[in-house]
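This report refers to the structure that appears directly beneath it.
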Amino acid sequence: MRALGIILAGGKNERLRELTYKRAVAAMPIAGSYRAIDFSLSNMMNSGISKVAVVTQYNSRSLIEHLSSSKWWDFGRKHGGLYVFTPYITRDSSLWYRGTADAIHQNLSYLKDSHEPYAIVAQGDAVCKIDFNRVLEYHVEKRADITIVCARMEQELHRYGMVEVDEDNRIVEFEEKPVDPKGDIVSTGIYIIRRRLLIELIEACAKEERYDFVSDVIIRYRKQKRIYAYLHDDYWSSIASLPSYYQVNMDFLKRENRDKFFREYPTIMTKVEDEPPAKFNQGSRLSNSLCSSGCIINGQVDDSVLFRKVFVGRNSVVRNSIIMDGAYIGENCIVENCIVDSKSRISDGSVYITSGQGDIRVVSQKEQYTG
Amino acid sequence: MKKKEIIAMLLAGGQGSRLGVLTTHLAKPAVSFAGKYKIIDFALSNCINSGIDTVGVVTQYQPLQLNRHIGIGIPWDLDKSYGGVAILPPYVSKESNTWYTGTANAVYQNIPYVAYYNPEYVLILSGDHIYKMDYEMMLNYHKKRNADCTIAVIQVEPEEASRFGIINTDEENRIVAFEEKPKEPKSRMASMGIYIFKWKALREALVLSEANHDDSDFGKHIIPYLIEQKYRLFAYQYEGFWRDVGTLDAYWETNLELVGLVPDFNLYEAYWKIYTKNEILPPQYIAPGSYIEKCILGEGTEIYGSIYNCVIGSGVIVEAGAVVRDSILMSGVTVGEGTRIDKSIIGENTCIGKGVRMGEGEFRTNGEYPQIYVSDITVVGENSSVPDGVSIGKNCALYGQLVPEDFPEGRLESGSNRIKEEVEQ
């Protein structure tokens, strides 16, 4: 593969509420035993990209912990490897990353010291499966300066970067989070660009004290550069809001999605934990649920996603919920339409339900402490 | 000079012939246990948990799967620049080109491996027992008594004692006699096949025993020799859970013990983890309309049917309408729609067709192998397949790509076998 990878995983996201008080969005748990960044990392690895940098800033500890060893993704090679770039202080600068373009600029030596002709920039919070070889082929065929991987969306268009294309799929207009969305094509935040051009654009950007990749590079140069849209006609979701995070997890209760991501080669990789098998004791009743290793189930679980080491006590009912790693649910509890944060302790007889439809309640350890 | 205080030699060369078709193409230590694990994982995990980071795994019988499983030792953190895990198959040299002829001979032939680490002590283990043990405590005991050899022992029932190496000690736990599988055991203290030696003493005994015996063995030659020569041998009492899963019965029972509410052998303690080579697999999925009680399930397993009292490995699929009870399904098994399986052991990656009945009818003695298949458990080997719609009795052994023609009238009576050798790995 003639490209290196950059995964932007630094962003702060308030819409995930308590769940991202201590977690980077890219470290959000997905589908029982994965984390959001696994998808981008695996896509890169599976496309033959052997050198990847993860740029992180906000709550980076959770992410760094997950990326503690590049062994898990087979990145621990002599050639290439996995780099994690957090902000640092030098003689000339002591600033946090002021934006995505600035984050790349502060690590520009990574790009300058490489030899790969292309760079692929991806997001740490995108759940999708994509072969970058095909995107690169497309990029070369269109003689594009920048290729943006795009998807068609029906809802919540105002949350995305909207793209308008001509008949050749060249992008003629790009509007970030439009008030009045036109069309249905959105940017997934995955870009292919020649490495030298990226350096050039980022340096120009920095000189003018501009810091954001989307507004200061993509939108600013949309007319001057040949920017093309590559349509990804398959599953793609970002976990930008609580409902979308909830939905992404629930999507994995469908066999076709599990097959696509986890069984059809090449599959999504993650850090493996050494948990014992999931255990279902006398009295357990399960239906349409994912239940990861290390779980011990004594009660009833319906239409839910249980991460590792979850305990469900006798006569408890968990329904339409996401229960993260190591959560403990005592006896005679009801947990419905909830996202229970990792290591939360729900004492015997507790009831956590929501008022209305589509309402999701976040239950985190903190709530337990304050009563 | 670089050296290791203690290194372990793990004897994993045995076939485990009493496990029948389960060990047709793999050594006993490579047989699955508790769903996602292999039998050897317990000894390997004990080593690293006890702080022993240098392990030589002595292989001989069908080592391919064992090699693949251990690799460079990453799951056990045994991928080290000095030490770590090494696989030691038999080799050809100027003086000899023999297989390993006995347990002590196997270590004798690997003296250069041990000597490279110049250890003070050598721990000898066998790769076919299920237990958690802190070898460091045993080493401390060994050092404290300035022993030449310490043997871990466990109390067994008197009627079982004649199956083991039985040890007699004086009041200070010093070993005064050792009898291999005695007809009339004088004590209930059985050797667990776990020894710590002073390397100097072991080396002398290995060389001497090799000169006198063609099949130099720890139980038969080394230990009796050391006792005779008045070396200091001590017994180290072990009181935890320890099982030899060498027979199909013991294998089945020890597995099924794990599904108890709080089993004696608890895999769920955060302390003393058991490590294994984990495939990256999605979580276990339990479908609507399925039923699951008293089971343990490995990663990536999907249950659409009903399972009760089962130990199930990773990546298993039980299709809708299938009912599996009191059984062990190893990793990668698929069970077709409407199939019914009772008290069976199904080897890795085996495919059971639709509408199969297995474990039906009355118990009958196994015609061909009455010593191996002695209970009502039906066993299917790895990488095999059983065609749709056939009915199979109790105490049967099956292996290979079976086709409907292998089942006259679609049946296999209790106590009969269908074993086809040509199986693609």
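The values are calculated or read from the model by the stated rules, or taken from the named source; none is laboratory data. Model, not experiment: these values are computed from the prediction. Glycine also receives a Cβ, built like all others from the backbone with ideal geometry; neighbour counts cover every protein chain displayed. Please note that ligands, DNA and RNA were not included when accessible areas were found on the heavy atoms of the full protein model with its side chains. Shrake-Rupley method; radii C 1.70, N 1.55, O 1.52, S 1.80 Å.
So here's what we get for this one:
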read-out: In the B-A interface, the accessible area buried, summed over both sides, Å² (probe 1.4 Å); value: 3300 Å²
read-out: DSSP-loop chymotrypsin sites (Phe, Trp or Tyr not before Pro) across segment B:92-132, with at most 16 other Cβ within 10 angstrom; value: B:99
read-out: Net charge of neighbours whose Cβ lies under 15 Å from the Cβ of residue B:313, counting Lys and Arg as +1 and Asp and Glu as -1; value: -3
read-out: Net charge contributed by nearby residues that have their C-beta within less than 12 Å of residue A:8 (K/R +1, D/E -1); value: -3
read-out: Leading residue at positive end of dipole, chain B (Cβ point charges), from B:112, B:298, B:8; value: B:112
read-out: Cβ-derived FRET efficiency at R0 45 Å, residue B:79 paired with residue B:163, nearest 0.05; value: 0.75
read-out: Check: segment B:134-228 dipole with +1 on Lys, Arg Cβ and -1 on Asp, Glu Cβ, in debye; value: 300 debye
read-out: Relative contact order of chain A, defined on C-alpha pairs under 8 angstrom at six or more residues apart (%); value: 15 percent
read-out: Segment A:279-363 - share of DSSP beta bridges that are antiparallel (%, nearest 5); value: 0 percent
read-out: Normalised contact order of chain B, rounded percent, pairs of Cα under 8 Å and 6 or more residues apart; value: 13 percent
read-out: Antiparallel content of DSSP bridges confined to chain B, in %, to 5; value: 25 percent
read-out: Accessible area (Å², per residue) of segment A:279-363, counting only protein heavy atoms and a probe of 1.4 Å; value: 35 Å²
read-out: Listed residues B:120, B:159, B:382, most fluctuating in chain B (Gaussian network, C-alpha, under 10 Å); value: B:159
read-out: Segment residue B:215-residue B:362, length gained on full extension (0.36 nm per residue, minus Cα span); value: 48.6 nm
read-out: Antiparallel bridges, percent of DSSP beta bridges restricted to segment B:56-194 (to nearest 5); value: 75 percent
read-out: Only Lys, Arg (+1) and Asp, Glu (-1) charged, at Cβ; segment A:279-363 dipole about Cα centre in debye; value: 280 debye
read-out: Pairwise FRET efficiency - residue A:17 versus residue B:250, Cβ, R0 = 45 Å, nearest 0.05; value: 0.30
read-out: Efficiency of FRET from Cβ geometry, residue A:78 and residue A:176, R₀ 51 Å, rounded to 0.05; value: 0.80
read-out: Simple spin-label estimate for residue A:241 and residue A:354 in nanometres, 7 Å along Cα-Cβ; value: 1.2 nm
read-out: Kyte-Doolittle mean at least -1.0, axial Cα span of 15 Å or more - DSSP H helices of chain B; value: B:199-212
read-out: Net charge over other residues, Cβ less than 11 angstrom from the Cβ of residue A:348 (K, R count +1; D, E count -1); value: +1
read-out: Charge dipole (debye, nearest 20) of segment B:6-258; +1 at Cβ of Lys and Arg, -1 at Cβ of Asp and Glu; value: 400 debye
read-out: Cα centroid of segment B:257-288 to Cα centroid of segment A:92-107, whole Å; value: 44 Å
read-out: Mean separation of Cα contacts under 8 Å (6+ apart) over length of segment B:103-257, as relative contact order %; value: 35 percent
read-out: Distance from segment B:156-201 to segment B:36-73 (C-alpha centre basis), Å; value: 26 Å
read-out: Within segment B:372-393, backbone nitrogen closer than 11 Å to the virtual label 7 Å beyond the Cα of residue B:17 toward Cβ; value: B:372
read-out: Rounded tilt (10° steps) of A:242-251 against the dominant C-alpha axis of chain A; value: 80 degrees
read-out: Extended-chain gain in nm, criterion 0.36 nm per residue less alpha-carbon gap, residue B:72 and residue B:3; value: 22.8 nm
read-out: Among B:79, B:134, B:170: highest mean-square fluctuation, GNM of chain B, C-alpha pairs under 10 Å; value: B:170
read-out: Fully extended contour minus Cα-Cα distance, from residue A:331 to residue A:164, at 0.36 nm per residue; value: 54.7 nm
read-out: Tilt relative to chain A, helix A:195-207 - C-alpha long axis, 0 to 90 degrees, to 10; value: 90 degrees
read-out: Residue order for A:92, A:216 - accessible surface, 1.4 angstrom probe, largest first; value: A:92, A:216
read-out: With every protein chain in place, chain B: carbon and sulfur % of accessible area (1.4 Å); value: 49 percent
read-out: Over the protein assembly as shown: helical MRE at 222 nm, DSSP H runs n ≥ 4 each giving -39500 (n - 2.57), nearest 500; value: -5000 deg cm²/dmol
read-out: Inter-label distance, nm, simple model (7 Å from Cα along the C-beta direction), residue B:320/residue B:134; value: 5.2 nm
read-out: List of segment A:278-325 residues, accessible area with partners at least 30 Å² below that of the chain alone (1.4 Å probe); value: A:278, A:279, A:280, A:281, A:282, A:285, A:286, A:288, A:289, A:290, A:291, A:293
